[in-house]
2 protein chains.
Amino acid sequence: MKKVSLADISKELGVSKTLVSFVMNGRAKEKRINDEVAEKVLAKAKELGYKADYLARAMRTGKSQTIGLVMADISNTFFSKLARSIENEAAEHGYNVIFGSSDENHRKSGKLIDVFKDKRVDGLIICPTIGDITHIKKLNKERYPYVLVDRYFNEVSSNHVVVDNYNGSFKIVEDQIQMGRKRIAFVNFNVELINMTERFNGYIDALKSYGYKYDSSIVKNVSFKNIEKETYLAMKELMKITPKIDTIYFSNNRLAFLGIKYLFENNTINFKKLKLASFDNYEFMHLLQVPIKFGVQPIEELGKSAVDSIMKQINEESGGVEHVKLPLDISFLN
Amino acid sequence: MKKVSLADISKELGVSKTLVSFVMNGRAKEKRINDEVAEKVLAKAKELGYKADYLARAMRTGKSQTIGLVMADISNTFFSKLARSIENEAAEHGYNVIFGSSDENHRKSGKLIDVFKDKRVDGLIICPTIGDITHIKKLNKERYPYVLVDRYFNEVSSNHVVVDNYNGSFKIVEDQIQMGRKRIAFVNFNVELINMTERFNGYIDALKSYGYKYDSSIVKNVSFKNIEKETYLAMKELMKITPKIDTIYFSNNRLAFLGIKYLFENNTINFKKLKLASFDNYEFMHLLQVPIKFGVQPIEELGKSAVDSIMKQINEESGGVEHVKLPLDISFLN
DNA sequence: CATTTTAGCTAAATCGATTAAGCAATTATA
DNA sequence: TATAATTGCTTAATCGATTTAGCTAAAATG
């Protein structure tokens, strides 16, 4: 019941391991192996139940048929859906996925990247966080196949696949404006992640292009770490401001969730006067009895596109750095 | 900038690879290596930036420091949270996690198990689906380290970690009874998965022990595949039944979500008369303006416990088959 | 002083597949 | 007919770490 190796087959048939290896890798023709011999090898392999040892092969070829996935937190729906999409697309190419969560901590992501490289993943899909620039630069230098998803850095060239944060955000705010909203507050993360700043820029520019004045007192920035407390605090402050705001726009589903939770827990809110908007959603969101509008991230395409980029790089079909920007699905605005 | 190997160190110092290997594995004392020599080796290793090659080591030792995780669908919150918990606990032990989704299809899970074994994962954490008995039996025969989570099979002995479905379900139904509900409908999956049948048994027995008569017309079973359509159909039928039901109890959060969605889309429902219950929840659930009560799965403990079981097996500290049954958190019933 | 023990180290096999280099026999070409 | 090309296959090195078996010299023992 123990493992069958190339050597076993070669011994039983009295041929060399080399020959068996060639046949098993489908290189019989190329290597001009006699058809009859090749067939015998295949038959014997089947009989003995031979399967190439993954580790031995990986060690020789340096290829592991595995992709490393580094995200902020797989238990977050956005990332778990992304992971699923990546898993599916990777499977199409015969690859598996090994994953790890960074919790937006670049020490963790750095460690994960190192371990995954150590395990010889053929490529890395990374949702980078602040401070990951160093790691990206290193990957660039080493020409290690990788692709960033959801976020990237202006300061360093990289393959990346992201959603069009700027235009998505612009349209969501524009929609509120067109609905007659006058004072649109914005709740964002206080970090320099490009997706977040782009959403902010979309907000600003939408206001501008409709002649609204930018009022920094109705823009709140909360931290990843104390997201719950700070979002609550931001909400509390926003509700007190005069003249009254009539829309709160959340730059992400998590913030929207917490904001809504706050509103429910402090149920003096009049939803005739206050509307909500969110850059992206949870599946549940439209069931909440709350006037909220949101975009929907093209998560599946993000994952698919990321894997495709990795595959191109692995197979060296890549024509240099690749930037993919997918539109936010705003069909739910109507 | 290329990889530093044991041989590089041994050459530079004029000692054998064996010695270097011993030192690097902390076996210097045991192998009676001269302290000065050992120190020299460590210093040189640091200087050259030596890191043991994972594949070479894995090939020799047969250990990959990786755990394989097979679930129904990582994009489902239950599983993604479980995955996160498993990832964390595995990391504590220096392990990574490679994952795959079976979509409740035993062909897929079988393939995943095979591939993961091929990749020499040191253990498997499996959320099995119907038809996986064969694979479990095989793992038993091979004495491959594994543990089932969330589900298991009565027909075959296995290590498993599950929630106490029976008692959890019993208490949820009991709670409805104590609230004065008279006709409690049940929406379940139509599959022979033990977690689902146990939830059903809890429902039945709670009814019985309070002298309720079991009425099969208010128990609906839907399939995994057409979950959306069939749940809608079940809801439609339940709402028509007379005498009117006054509680719908969903055996899982997904069913509850779809049921609620149906109710909202057919908004003639009077929530003064109809209450809801669900075995487990979504984070959002209590924000819905719906009278729903639910249990909360001890997901983190499930994952932690599963990894611990695997670790015991890997380190051969396991004293035979292990069954863990964790209580459902019902604190939200109050 | 002869023998045993111990300290300190190494050679070489091993895990299992891949592959560069090359050999022998046959066939084609000049 | 001598040389070149092709067919069909093999030997042995290699990837990098682990580990068994064993060697030498010094120290301990009787």
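The values are calculated or read from the model by the stated rules, or taken from the named source; none is laboratory data. Only a predicted model underlies this, so the values are computations on that prediction, with no experimental measurement involved. When we count neighbours, we look across all protein chains shown, and the Cβ atoms used for this are built from the backbone with ideal geometry, even at glycine. Just so you know, the surface numbers come from the protein's heavy atoms only, side chains and all, with ligands and any DNA or RNA stripped out. Shrake-Rupley method; radii C 1.70, N 1.55, O 1.52, S 1.80 Å.
Of the residues making up region B:70-86, those that are touching a residue at least 24 places away in the same chain (Cβ under 8 Å), within 9 Å of another protein chain (Cβ to nearest Cβ) and open to solvent by less than 20 Å² (accessible area, probe 1.4 Å) number 5.
Among the residues that make up region B:303-313, is at least one of them open to solvent by 60 Å² or more (accessible area, probe 1.4 Å), farther than 27 Å from A:Arg254 by Cα and in the same structural domain as B:Arg84 (by TED's automatic domain parsing)? Scanning region B:303-313, I find at least one residue that is open to solvent by 60 Å² or more (accessible area, probe 1.4 Å), farther than 27 Å from A:Arg254 by Cα and in the same structural domain as B:Arg84 (by TED's automatic domain parsing), so the answer is yes. Restricting attention to region B:111-149, the residues being open to solvent by less than 10 Å² (accessible area, probe 1.4 Å), more than 14 Å from every other protein chain (Cβ to nearest Cβ) and not aliphatic (A, V, I, L, M) number 6.
For region A:75-89, check the following and say yes or no: at least one residue is within 16 Å of DNA strand C (Cβ to nearest atom) and under 42 Å from the mean Cα position of the chain (by Cα). Looking through region A:75-89, none of the residues is within 16 Å of DNA strand C (Cβ to nearest atom) and under 42 Å from the mean Cα position of the chain (by Cα).
B:Phe22 fails exactly one of the following numbered conditions: (1) closer than 30 Å to B:Ile310 by Cα; (2) hydrophobic (A, V, I, L, M, F, W, C); (3) more than 9 Å from DNA strand D (Cβ to nearest atom); (4) not assigned by TED's automatic domain parsing to the domain that holds B:Leu112. What is the number of that condition? Every listed condition holds for B:Phe22 apart from (3). Scanning region A:226-245 for residues that are touching a residue at least 12 places away in the same chain (Cβ under 8 Å), open to solvent by 40 Å² or more (accessible area, probe 1.4 Å) and assigned to a loop (DSSP other than H, G, I, E, B) yields A:Pro243, A:Lys244.
In region A:130-152, of all residues being out of contact with any strand residue (DSSP E or B) (no Cβ under 9 Å at 6 or more places or on another chain) and in contact (Cβ under 8 Å) with a residue 12 or more places away in the chain, the one that is nearest to A:Lys293 (Cα to Cα) corresponds to A:Ile130. I'd like to check something: does region B:7-18 contain any residue that is under 19 Å from B:Tyr54 (Cα atoms), of a type in the set (S, T, N, Q) and either within 8 Å of DNA strand D (Cβ to nearest atom) or within 14 Å of chain A (Cβ to nearest Cβ) (or both)? For region B:7-18, residues under 19 Å from B:Tyr54 (Cα atoms), of a type in the set (S, T, N, Q) and either within 8 Å of DNA strand D (Cβ to nearest atom) or within 14 Å of chain A (Cβ to nearest Cβ) (or both): present. Scanning region A:44-74 for residues that are within 16 Å of DNA strand D (Cβ to nearest atom) and of a type in the set (A, V, I, L, M), we see that the one that is farthest from the chain's Cα centre (by Cα) is A:Ala45. Selection within region B:87-110: residues that are of a type in the set (Gly, Ala, Ser) and open to solvent by 30 Å² or more (accessible area, probe 1.4 Å). The member of this set that is farthest from the other protein chains (Cβ to nearest Cβ) is B:Gly94.
Within region A:32-69, work out how many residues are among the hydroxyl-bearing types (Ser, Thr, Tyr) and open to solvent by 60 Å² or more (accessible area, probe 1.4 Å). I'd like the intermediate steps shown before the answer.
So the first thing to find is which residues in region A:32-69 are among the hydroxyl-bearing types (Ser, Thr, Tyr), and the list is A:50, A:54, A:61, A:64, A:66.
Going one step further and asking which of them are open to solvent by 60 Å² or more (accessible area, probe 1.4 Å), we end up with A:61.
Looking only at that region, the number is 1.
Listed by first and then second residue, the pairs with beta-carbon distance under 8 Å, at least 6 apart or on different chains, first residue in region A:5-16 and free of Cβ contacts under 8 Å to residues at least 40 places away in the same chain, second more than 7 Å from DNA strand D (Cβ to nearest atom) and open to solvent by 60 Å² or more (accessible area, probe 1.4 Å), are A:Leu13/A:Lys40.
Within region A:120-174, the set of residues being out of contact with any Leu (no Cβ under 8 Å at 6 or more places or on another chain) and hydrophobic (A, V, I, L, M, F, W, C) comprises A:Val121, A:Ile133, A:Leu148, A:Phe153, A:Val156, A:Phe170. Checking each residue in region B:116-129 for being part of a loop (DSSP other than H, G, I, E, B), touching a strand residue (DSSP E or B) at 6+ places or on another chain (Cβ under 8 Å) and on the phi < 0 side of the Ramachandran plot picks out B:Lys119, B:Val121, B:Asp122, B:Cys127, B:Pro128.
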